[in-house]
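Everything below concerns the one structure shown next.
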């Protein structure tokens, strides 16, 4: 039944195409806390994950994005807390976000839990306009750098998971704040936050009786107003629970490959490369590179190590 749910989700998520709406990652399945607060504490470990993405390399002003997340279970795994930090730079514009995450988990079966999460934090946008070269000098709009107000925001998430399956719904930023900055002409709105809705899902199942090879299909669907639906579809093969290799398809945007390894029971390293297949961007960039590093400080239960999850 779980495999059927995943298959239907993947088919439905193929509808529509979209340009980039928000900071994106090919390793989205390792960056779950950034988009769904219900994920906090779900790995039975203090988990620290860092990601760096260089998008559209060789294109001037192309996006570069970093995230750092950490989360842990509390009180016999009934609660989870976490911290998410994001830095996103596009041209002269830099956006920084710091959020705390809280999750309350309900046991719905012997192997599955349902978590309700709350995310709250602040965002800051800055523009380094003074360093830009303009056709005509003396333009007051580019005479100095600017920074927006520090804007609070909050969001919600639901996350259902077991050892072999997960699905989640979330909206990390519920408020659609205006970024405002003080200029010589007064307070000016330079941008606004757009509310996004995210659906994530994935499963893992063995191929053959030896179970040395497992397949892990996952999807990440993004919906926002006045834009088509965007979906990431990924199929990863796990070899002896040690190495993985996979392929990714992003609707209306890119194709990609992923490679990685569990270096130890606690340390994982991943790399991905994706390239645009659209006529408007393919000719002008050298693809996008991404690297992921995750460390699990695994807890023990009555002297026995509790194994980390696939998600």
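Just so you know, all these numbers are worked out from the coordinates, no wet-lab data involved. Not measured: the values here are computed from a predicted model. Cβ sites come from the backbone with ideal geometry, for glycine too, and all protein chains shown count toward neighbours.
Miscellaneous remarks
- Distance between the modelled labels on residue 240 and residue 110, one decimal in nanometres: 3.1 nm (7 Å Cα→Cβ projection).
- Segment 226-275: relative contact order in percent, alpha carbon pairs under 8 Å with at least 6 residues between: 27 percent
- Semi-axis lengths (Å, descending) of the ellipsoid that matches the C-alpha gyration tensor of segment 78-117: 34, 10, 6
- Shape of segment 38-80, Cα gyration tensor, a/c cut at 1.5: prolate
- Between residue 267 and residue 178, the C-beta separation translates, for a Förster distance of 41 Å, into a calculated FRET efficiency of about 0.45.
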